[in-house]
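Trainee: Take this structure first; my questions come after.
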Amino acid sequence: MKYIPLIGRILFSLIFISSGLSHIFKFSEMSQYTASMGVPFPTAATLFSGLILLVGGLSILLGYKVKIGAIILVVFLIPTSFIAHAFWGIEDQMQAQMQMILFMKNIAMTGAALMFFYFGTGPLSIEKKEN
């Protein structure tokens, strides 16, 4: 049973780490999408958000400073959900449905990040080895 929280941390963190790497290494394409949403300084915003995603994801994965990593992800997810996935303003039903799914995914991940904030890492983590 002690491996269950570790598996959960790995699965949860993968989306943030892979997205962070995409934001950083494919920032040209990602910043075009960011610009299309009306975000100011899209290249800088894309690179900064990539770093946020990487730091938060690695924090959860490694089980190090998880409270900070979880809050970083929450602070990223909430505005991103409302800015990037505003499904309520889209006329095309297919696009609106897709954006609603992405919005709800972000809200669910926000809930999971809050659970990491509250409950911590589980027994197999860098934080537990330090104690």
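Any read-out appearing in this document is the output of simple, stated calculations on the displayed coordinates, not a laboratory observation. This structure is a prediction, so every number in the text was calculated from the model and none was measured. Note that each Cβ is placed from the backbone with ideal geometry, even for glycine, and that neighbours are counted across all protein chains shown.
Trainee: Let me test this: with uniform point scatterers at the alpha carbons of the chain, what is the Debye-based log₁₀ I(q)/I(0) at q = 0.10, 0.21 1/Å?
Mentor: For the requested q values the scattering log ratios are -0.35, -1.19.
Trainee: Each label point is 7 Å from the Cα along the Cα-to-Cβ direction; what then is the distance between the points at residue 10 and residue 28, in nm?
Mentor: Distance between label points: 3.5 nm.
Trainee: Restricting to DSSP H runs of at least four residues, report the calculated mean residue ellipticity at 222 nm for the chain, -39500 (n - 2.57) per run over all residues, nearest 500 deg cm²/dmol.
Mentor: So the helix-based figure for the chain works out to -26500 deg cm²/dmol.
Trainee: Based on the Cα coordinates of the stretch 53-129, what is the per residue volume of their convex hull in Å³?
Mentor: It is 77 Å³ per residue.
Trainee: At a 10 Å Cβ-Cβ cut-off, how would you order 81, 36, fewest neighbours first? Please report the intermediate quantities before stating the final value.
Mentor: Values: 81 20, 36 10.
The order, fewest Cβ neighbours first, is 36, 81.
Trainee: Pop out the ³J(HN,Hα) list for the stretch 22-36 in order, Karplus 6.51 cos²θ - 1.76 cosθ + 1.60 with θ = phi - 60°, rounded to Hz; leave Gly and Pro as x.
Mentor: Rounded to whole hertz, the list is 5, 4, 7, 8, 10, 5, 4, 5, 5, 6, 5, 5, 4, 5, 5.
Trainee: Leaving out same-chain residues fewer than 8 places away, which lysines sit with a Cα under 25 Å from that of residue 2?
Mentor: 65, 67, 128, 129
Trainee: How far is helix 66-84 tilted, in degrees, relative to the longest principal axis of the Cα atoms in the chain, given as a value from 0 to 90 rounded to the nearest 10?
Mentor: 10 degrees
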